[in-house]
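Engineer: Attaching a single structure in structure tokens format; questions to follow.
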Amino acid sequence: MERGKPGQTILVVDDDSAIRTLVKTLLEIEGYAVLMADSAEGALQLYAQSTVALLLTDVVMPGMNGLELADRLLRREPQLRILFMSGSEDASRGFGCVAKPFTGARLIRRVSEVLETQPTTQVGQSSVA
């Protein structure tokens with residue numbers, strides 16, 4: 001399976017700084033460019049200033065959760081690819097998900113799979129759990 005193409009940008013959103021840092025390191029080793037945000041609000045600001053191939057976000061965060069963030073970004077860009085990180089794959093409501101805890105290999109494999117598939121456009125489907 002082909003790995004990420006250099007120059008593809010992934011927006012990583014998680015309120016846990018250790019997870020953000022780990023994910024950033026793993027993705028950069030594979031050649032991805034990485035933007036990081038500690039909240040959905042911060043992610044919206046970064047997204048407005050960048051070209052993003054994939055949103056990689058935690059589901060449960062204070063304030064706006066990852067499902068709501070995905071809905072907002074899909075309204076702006078229906079072709080955006082989305083991958084959730086969650087303790088429960090059921091929380092993703094039909095979007096791609098990598099279950100926490102995950103290995104580096106599992107994360108990279110899921111990111112590659114999502115980037116290689118047709119985007120999921122489920123605006124309005126990801127309401128608060």
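Engineer: Do we find that Gly94 is modelled with pLDDT under 90, surrounded by fewer than 22 Cβ atoms within 10 Å (Cβ to Cβ) and touching a Lys or Arg at 6+ places or on another chain (Cβ under 6 Å) in this structure?
Structural biologist: The answer is no for Gly94.
Engineer: Of all residues in region 68-81, which are out of contact with any Phe, Trp or Tyr (no Cβ under 8 Å at 6 or more places or on another chain), among the hydrophobic types (A, V, I, L, M, F, W, C) and not in a loop (DSSP other than H, G, I, E, B)?
Structural biologist: Step one: of region 68-81, the residues out of contact with any Phe, Trp or Tyr (no Cβ under 8 Å at 6 or more places or on another chain) are 68-69, 71-72, 74-75, 77-81.
Those left that are additionally among the hydrophobic types (A, V, I, L, M, F, W, C): 69, 74, 80.
Those that are out of contact with any Phe, Trp or Tyr (no Cβ under 8 Å at 6 or more places or on another chain), among the hydrophobic types (A, V, I, L, M, F, W, C) and not in a loop (DSSP other than H, G, I, E, B): Leu69, Leu74.
Engineer: Another question, then. Are any residues in region 11-44 assigned to a helix (DSSP H, G or I), farther than 18 Å from Gly87 by Cα and touching a residue at least 40 places away in the same chain (Cβ under 8 Å), and if so, which ones?
Structural biologist: Leu26, Leu27
Engineer: Just name the residue that is surrounded by the most Cβ atoms within 10 Å (Cβ to Cβ) out of those in region 54-80 that are of a type in the set (Gly, Ala, Ser) and touching a strand residue (DSSP E or B) at 6+ places or on another chain (Cβ under 6 Å). Reasoning before the result, please.
Structural biologist: At the first step, the residues of region 54-80 found to be of a type in the set (Gly, Ala, Ser) are 63, 66, 70.
Next cut, touching a strand residue (DSSP E or B) at 6+ places or on another chain (Cβ under 6 Å) only: 66, 70.
Values: Gly66: 26, Ala70: 28.
Within region 54-80, the match that is surrounded by the most Cβ atoms within 10 Å (Cβ to Cβ) is Ala70.
The values are calculated or read from the model by the stated rules, or taken from the named source; none is laboratory data. This one's a predicted model, so the numbers in the text were calculated from it and none came from an experiment. Here the Cβ is made from the backbone with ideal geometry for all residues, glycine too, and neighbour counts use every protein chain on show.
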